[in-house]
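Notes for the one structure printed next.
The values are calculated or read from the model by the stated rules, or taken from the named source; none is laboratory data. In this text, all values refer to a predicted model and were calculated from it rather than measured experimentally. We place every Cβ from the backbone using ideal geometry, glycine too, and count neighbours over all the protein chains shown. What goes into the accessible areas is simple: the full protein's heavy atoms, side chains included, and nothing from ligands, DNA or RNA. Shrake-Rupley method; radii C 1.70, N 1.55, O 1.52, S 1.80 Å.
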Amino acid sequence: MMRLSPPGYEKFAQATTLDLVYGGGEANVAISCSYLGMRAAHVTRFPDNALGKAATQFLRKHWLSTEHVIYGDRTIGKYFLEKGAVHRSSEVIYEREGSAFSLIEPKMMDWEEILKDADWFHWTGITPAISEGAAQCCLDAIKTANKMGIKVSGDINSRNNMWKYGKTMHEVMPDLVKHCDIVITSGRGIHEMFGIGSPKDKFRVAAKNLMERFPHIEKVVGKKRKSISASHQQINGKMWNGKDYIKTKTLNITHVIDRVGTGDAFASGLIYGLLHYNEDIQALDFASAACALKHTVTGDVNMVSLENVISLMEGDTSGSIKR
């Protein structure tokens, strides 16, 4: 998607110019993985015009493979962000209808070819909410990954008001989630999407219930966020791995620069952690550190290095100059 924002912390009514960057759930995760030293690709459909080419160039600039980007139609999805500060909340306005990606169809994708060298496939709950074609493409990708022995993670916290094409998340999401190995969500999300338990259930209870419903799932992961203000956040990661409930220490983020994309940074950190560490708590600590650091980076994408994340993961919160 194209992101358009007033400079700094201006309100829409004050702005005479808009800053332009690109981002979006899965793209943010892929780029963040590339900054951690992993080979990553983004699979999508852009408009066949200068904006689609510019978005592709943005991905390449951040070391992503774009060989599986396809082109068609004329419109790119976009959103407008007014960044909040202190006690003023951020505001987001979406324009997704009729985008090239929303018009994607399953016949356009050869998932066996796309996934032939992959170790991991990641998707978010926003994709199947955009259109029936996007939902079917996502399901085809997940099933192909299962067949090829590729790990699948889904960040499935979705927004009910996005589902406008005739199907609800209650109809679509179960078929997607039951084929996942790793699910990132919340206790409330589990109740809202699947009707499991109560919205007041503790995370470990909701996660256990989700894994009982869908036995293919190996781990259910989430993060707890305490919002002191728009500029001051506290986060920690949590996981139910089928045997143990694991929780990280709280990271205190006292000066938020940009909160957008922090969940995607958490997901990319989790993917890296699960691929590179033997212990779940290490993977979760890595994910939480990556998420915390994204709050310091302008734009959708977590452009921090592996060394940055490891340093915070190991307890260095000083922010001292690295020479």
* For the stretch 33-91, with the dipole built from +1 on Lys and Arg beta-carbon atoms and -1 on Asp and Glu ones, taken about the Cα centre, which of Phe80, Phe46, Ser34 lies farthest toward the positive end? -> Ser34
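Rounded to the nearest percent, how much of the accessible area of the stretch 22-72 (1.4 Å probe, protein heavy atoms only) is carbon and sulfur?
Here carbon and sulfur together make up 52 percent of the probe-accessible area.
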* If the viscosity is 0.890 mPa s and the temperature 25 °C, what translational diffusion coefficient in µm²/s does Stokes-Einstein give for the stretch 72-128 when Rh comes from Kirkwood over Cα pairs? -> 168 µm²/s
* What net charge is computed for the residues neighbouring Asn49, neighbours being all others with C-beta under 14 Å from the C-beta of Asn49, Lys and Arg scored +1, Asp and Glu -1? -> +2
* Asked: When ranked by the protection proxy of mean other Cβ atoms within 10 Å per residue, highest first, what sequence do the peptides 108-120, 209-221 form?
  -> 209-221, 108-120
* Structure fact -> From DSSP H assignment alone, runs of 4+ in the chain each adding -39500 (n - 2.57), the sum over residues rounded to the nearest 500 puts [θ] at 222 nm at -10500 deg cm²/dmol
* To do: Can you send over the carbon and sulfur percentage of the accessible area for the stretch 136-293, probe radius 1.4 Å, protein chains only?
  => 46 percent
* Express the accessible area of the stretch 1-151 per residue in Å², computed with a 1.4 Å probe while the remaining protein chains stay in the model. => 48 Å²
* Given the pairs Lys167/Lys226; Lys83/Lys178; Lys249/Lys294; Lys53/Lys167, which are separated by over 29 angstrom at their Cα positions? -> Lys167/Lys226; Lys83/Lys178; Lys53/Lys167
* Asked: What would the Debye formula give as log10 I(q)/I(0) at q = 0.11, 0.13, 0.14 Å⁻¹ for the alpha-carbon point model of the chain, no solvent?
  -> -0.68, -0.99, -1.17
* Spatial separation of Cα centroids for the stretch 295-314 and the stretch 48-69, in angstrom -> 23 Å
* Structure fact -> Taking alpha-carbon centroids only, the stretch 71-113 lies from the stretch 160-187 a number of Å equal to 18 Å
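When ranked by the protection proxy of mean other Cβ atoms within 10 Å per residue, highest first, what sequence do the peptides 126-135, 90-99 form? Can you show the working numbers first?
On the way: 126-135: 21.9, 90-99: 14.6.
So the peptides 126-135, 90-99, ranked by packing, come out 126-135, 90-99.
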